[in-house]
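The values are calculated or read from the model by the stated rules, or taken from the named source; none is laboratory data. From a predicted model like this one, the values you see are computed outputs, not experimental measurements. In this analysis, Cβ positions are derived from the backbone assuming ideal geometry, glycine residues included, and neighbour counts consider all displayed protein chains. For accessibility, only protein heavy atoms count, side chains too; no ligands or nucleic acids. Shrake-Rupley method; radii C 1.70, N 1.55, O 1.52, S 1.80 Å.
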Amino acid sequence: MTQISFIPKQTIMKTILLLLPFLTCVILSFSNSEKQDKQIKKSLAKSMSFVPSGNVYVNDTLKSVQSFYISKTEVSNAEYKLFLHDLQLAGDLEKLAIAQIDSLKWNLGGSMNMSYVDYYFSHPAYKDYPVVNVSYEAALLYCDWLTSKFNKQFGTTKFKFRLPTKEEFVRAGRGDNRTVGYAWGTNKLRNSNGQMMCNHLQLGAESIHRNPSTDKYEVIPVFDDLAFGGFDVTAPVKSYWPNQFDVYNLNGNVAEMLSTKGIALGGAWRNTGYDVRLESETLFTEVAPTIGFRVITSWVE
């Protein structure tokens with residue numbers, strides 16, 4: 001017969017009293033962690049949008065994408081200046097050299113571009129415009145700087161800011177919709193009121209020619225300076241309308257760097273409507289006034 005032994009009530013009470021400080025610390029730790037997570041989410045929500053986990057079709061292939069936060073706008077001149085300022089304060093001359101803006105790239109062959117060489121990055125009138133003429137390596141340094149700054153603010157190591165993958169970029173623009181080419185949820189460049197939905201090169205019928213020899217249509221710009229053919233250059237980072245995730249300008253304005261070096265998506269102000277689709281790729285080997293970037297992050301604990 002099995003003998004059942006009973007633990008004295010006094011022993012149980014002593015054990016509880018001994019464990020009480022430990023249990024209190026555990027409860028407080030969970031409480032503080034939950035409070036901090038709420039603060040972090042609130043801080044992220046000011047400039048970033050949450051994109052839930054889901055599937056996305058990229059090049060007609062179904063991909064699974066984990067949830068992430070993406071900046072609502074392209075990185076602006078003002079934000080990039082803060083980054084440069086911190087590098088200067090730190091005296092990090094090597095990183096500062098990599099991060100510099102090459103404003104001379106605004107010289108695209110037309111005399112009107114020269115004002116952008118002098119003023120686009122330096123003048124306060126353009127503080128809310130997307131930063132351009134920065135290298136892929138500079139964008140990575142910006143991500144590292146933002147990671148350090150954010151984690152230091154909250155005393156954590158839970159976040160790493162980075163450039164998006166192609167799947168993440170398309171997911172942020174397309175969501176669960178498989179077929180749409182643009183982030184506003186249609187395959188049309190205008191809304192129901194006839195308004196253009198993004199910043200891109202608008203070519204009229206006067207620029208389209210049918211070559212009788214090849215029976216193909218060709219574009220012949222009626223302006224000598226393609227960069228100023230009757231349309232804007234870049235637009236402020238909060239131009240037009242945000243998409244379903246409250247993200248601006250995933251199409252047009254500036255093509256945005258991916259985590260894969262040398263590839264940017266979404267097209268730019270100098271591209272026609274077909275070339276500002278979510279999956280429109282721009283290949284680059286040097287900095288350009290048509291290429292910028294935005295950042296994403298996720299919990300990496």
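Name the residues in region 250-281 that are farther than 15 Å from Val170 by Cβ and not hydroxyl-bearing (Ser, Thr, Tyr), would you? Within region 250-281, Gly252, Asn253, Val254, Lys261, Gly262, Ala268, Trp269, Arg270, Asn271, Gly273, Asp275 qualify. Only residues that are touching a helix residue (DSSP H, G or I) at 6+ places or on another chain (Cβ under 6 Å) and surrounded by fewer than 16 Cβ atoms within 10 Å (Cβ to Cβ) were counted in region 128-163, giving 3. Within region 51-76, residues that are closer than 27 Å to Lys127 by Cβ and in a strand (DSSP E or B) reach partners that are open to solvent by 80 Å² or more (accessible area, probe 1.4 Å) and among the aromatic types (Phe, Trp, Tyr) with beta carbons closer than 7 Å, at six or more positions or on different chains, in the pairs Tyr69/Phe50.
Conditions (1) among the hydroxyl-bearing types (Ser, Thr, Tyr); (2) out of contact with any strand residue (DSSP E or B) (no Cβ under 9 Å at 6 or more places or on another chain); (3) at pLDDT 95 or above, marked per residue:
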site: Trp106; (1), (2), (3): no, yes, no
site: Gly109; (1), (2), (3): no, yes, no
site: Pro130; (1), (2), (3): no, no, yes
site: Glu137; (1), (2), (3): no, yes, yes
site: Thr156; (1), (2), (3): yes, yes, no
site: Asp176; (1), (2), (3): no, no, no
site: Thr179; (1), (2), (3): yes, no, no
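Counting residues in region 175-185 that are open to solvent by 40 Å² or more (accessible area, probe 1.4 Å), within 25 Å of Val233 (Cα to Cα) and of a type in the set (Asp, Glu) gives zero. Checked against (1) in a loop (DSSP other than H, G, I, E, B); (2) on the phi < 0 side of the Ramachandran plot, Tyr240 meets all criteria but (2). Condition first: open to solvent by less than 10 Å² (accessible area, probe 1.4 Å), assigned to a loop (DSSP other than H, G, I, E, B) and on the phi < 0 side of the Ramachandran plot. Now tell me which residues in region 245-279 satisfy that. Val247, Leu250, Asn251, Val254, Leu258, Ala268, Trp269, Leu278 - these are the residues of region 245-279 that are open to solvent by less than 10 Å² (accessible area, probe 1.4 Å), assigned to a loop (DSSP other than H, G, I, E, B) and on the phi < 0 side of the Ramachandran plot.
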